[in-house]
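Written out below as structure tokens is the structure these notes cover.
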């Protein structure tokens, strides 16, 4: 049986798959069946793993909840030859209940997509700044390269310098050809998905390079 480990596991579950195996989600009292291609049998369990409730044949685009449960096992529904009857208006009511959660999911997915784009830009700028530092050995040039893409206070910059022989950390003024420069950038990305327990994301990127500037006279920088 597969278990939900990551945040994405908990969100997607058995969505978008044609045939699913039993799937366990811990610390869960409510699930949805949006985008599923088959009916589900739900087995709500307590902390000791005992089944306290069963929901059989739950159709796609439904929502189910069990407040007393600690977790739930989702399993593709077995074939049921009993004739089923639907209550008029039931699908409409359940769709109305699911819709807010669906919109929340779509909004959260869009925000996370934007976060990926922001992360890619941060990674590019970090590597670009490391290259500038490798060629110029000048902290001002590194900061200038970053400021071409970001405002001064929008990202947090960290520079770590290490001697090429001893590997010990040194200050920028002691950095020479062959020494190691590591550029780290950190940026806060706001998330507005409070119902899912998500707050701001801290995006970070790191890039290292060896100093190629061969200037032998102070301040040991290259133009």
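Only one of the numbered conditions (1) out of contact with any strand residue (DSSP E or B) (no Cβ under 8 Å at 6 or more places or on another chain); (2) under 22 Å from residue 101 (Cβ atoms); (3) modelled with pLDDT under 80 is not met by residue 18, and that is (2).
Looking at the range 208-217, can you tell me whether even one residue there is more than 27 Å from residue 108 (Cβ to Cβ), touching a residue at least 60 places away in the same chain (Cβ under 8 Å) and under 28 Å from the mean Cα position of the chain (by Cα)? Yes.
Here's the yes/no breakdown for (1) under 30 Å from residue 27 (Cα atoms); (2) at pLDDT 90 or above; (3) in a strand (DSSP E or B); (4) under 25 Å from the mean Cα position of the chain (by Cα):
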{"site": "152", "(1), (2), (3), (4)": "no, no, no, no"}
{"site": "160", "(1), (2), (3), (4)": "no, yes, yes, no"}
{"site": "164", "(1), (2), (3), (4)": "no, yes, no, no"}
{"site": "167", "(1), (2), (3), (4)": "no, yes, no, no"}
{"site": "181", "(1), (2), (3), (4)": "no, yes, yes, no"}
{"site": "185", "(1), (2), (3), (4)": "no, yes, yes, yes"}
{"site": "195", "(1), (2), (3), (4)": "yes, no, no, yes"}
{"site": "206", "(1), (2), (3), (4)": "no, yes, yes, yes"}
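Being over 20 Å from residue 25 (Cβ atoms), surrounded by fewer than 10 Cβ atoms within 10 Å (Cβ to Cβ) and at pLDDT below 80 is the requirement here; does residue 92 meet it? Criteria met by residue 92.
The values are calculated or read from the model by the stated rules, or taken from the named source; none is laboratory data. Since this is a predicted model, take the numbers as computed values, not measurements. Cβ: placed from backbone, ideal geometry, glycine included. Neighbour counts: every protein chain shown.
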